[in-house]
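As structure tokens, the structure follows; a few thoughts come after it.
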Amino acid sequence: MSGDLPLNINIKEPRWDQSTFMGRAQHFFMVTDPRNVLLSSEVLEDARVTIENYRQGIVQPGLTEDQLWRAKYIYDSAFHPDTGEKMLLIGRMSAQVPMNMTITGCMLTFYRTTPAVVFWQWVNQSFNAIVNYTNRSGDAPITMNQLGAAYVSATTGAVITALGLKSLTKSMQYGEYLFTLCFASPRELKYGIPITDEEGNRLGESASAAQQAIVQVVVSRIGMAVPAMAIPPVIMNALEKKAFMKRFPVLNAPVQVGLVGLCLVFATPLCCALFPQKSSMKVSSLEPELQERIRQSNPKTTTVYFNKGL
């Protein structure tokens, strides 16, 4: 049943121009909005039905363009762009700020003892593993053995690095966090991620595209972490000298968590916006056999596109 809303609104793409940083920033401020974590299953399902119906040319009576875009961003915040499956709650980008502010704040507060370092590194790396799995590029399944091996190696490496840096100097406590950002799926690097032409037609899987995607994600993750790791400690050092904080030391952890959260509210969407979500690369940069296959089947295609993940 058709309504008054036109059917030519391109909801496959973000509402704002993704060729500009500001357009991408506006997009990711919507995608990472922490309030989306509180949305009920009914609201998410309504958004999914609205979007899937619209894609099939079915418009709900009375649906406005603003409501359509709102439904799109609710849908994008909870469903994987490649597989369409509902993502794990704490792995969604809308959960990044509340989860990271809690974990990072605790890592900055409880670092004086070895058990505390080990525990919070384990919590942090476990969360990173969930985020990376939930927001992975492509639609190929990952076996439990592959996921388990990557998780164990990343967690072990993070803890060893954290303890090593802690033993060097207290000021190196911030460096331990950056190591844990680089959890990558060996399957993506080995088998590649889906690549398409400009119209979205799938052309194959490329490990070269996966490498580029992972580099972009790591740069973005480090960019997100640096403000949250660098700014709150400076402010806390000043606050801890105040009589009020000396009188109520129990406030140290919640204040630090709050400062981290304030940094992440802005750093998360701005750093996600550093690179286009729909990234591209020249056909000439792909694996030789894939280049040849594309030249034979799509000779006019010079650029391919892929979802870089988050």
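Counting other Cβ atoms within 10 Å of each Cβ, which GluC sites (Glu not before Pro) in the stretch 49-134 have at most 16 and sit in a DSSP loop? Listed in order of number, the matching sites are GLU85. For LYS300, the lysines whose Cα falls under 27 Å of its own Cα, not counting residues fewer than eight places away in the same chain, are LYS12, LYS278, LYS282, LYS308. Length gained on full extension, LEU7 to ASN298, computed as 0.36 nm times the residue gap minus the Cα-Cα distance: 101.8 nm. Volume per residue for the stretch 3-61 equals 94 cubic angstrom (convex hull of Cα atoms).
Please report, as a whole percent, how much of the solvent-accessible surface of the stretch 222-310 comes from carbon and sulfur atoms (probe radius 1.4 Å).
Values: 3150 of 4740 Å².
Of all accessible area on the stretch 222-310, carbon and sulfur atoms account for 66 percent.
Relative to the present Cα-Cα distance, how much length would full extension add between LEU274 and GLU198 at 0.36 nm per residue of separation? The partial results should precede the final answer.
Details: separation 76, 0.36 × 76 = 27.36 nm, distance 2.09 nm.
Gain on extension, LEU274 to GLU198, equals 25.3 nm.
Each listed q (0.15, 0.23 Å⁻¹) maps to a log10 I(q)/I(0) for the stretch 194-310 from the Debye sum over equal C-alpha point scatterers, namely -0.72, -1.14. The mean accessible area for residues of the stretch 216-297, using a 1.4 Å probe and ignoring ligands and nucleic acids, is 52 Å² per residue. Heavy atoms of the protein chains alone define the surface here; on that basis the stretch 13-86 has 52 Å² accessible area per residue at 1.4 Å probe size.
Between GLY204 and ILE195, the built amide H atoms are under 5 Å apart, and every one of these is 5 or more places off in sequence or on another chain.
Here LYS190 is the anchor, and the aspartates and glutamates within straight C-alpha reach of less than 16 Å, apart from those fewer than 8 places off in the same chain, are ASP139, GLU205, GLU287, GLU289. Modelled spin-label separation between ASP82 and ALA243, with each label point placed 7 Å from Cα along the Cα-to-Cβ direction: 5.9 nm. Shown here is the pair-distance distribution of the stretch 70-129: with all Cα-Cα distances grouped in 10 Å bins from zero up to the longest one, the shares run 21, 39, 23, 14, 3 percent. The H on the amide N of THR303, modeled in the peptide plane, is under 5 Å from the matching H of VAL283, each at least 5 residues off or on a different chain.
The values are calculated or read from the model by the stated rules, or taken from the named source; none is laboratory data. Note that this is a predicted model, so its numbers are computed, not measured. With ideal geometry, Cβ positions are generated from the backbone for all residues, glycine too; neighbour counts draw on all protein chains shown. Note: accessible area is taken over every heavy atom of the protein model, side chains too, but ligands, DNA and RNA are not part of it. Shrake-Rupley method; radii C 1.70, N 1.55, O 1.52, S 1.80 Å.
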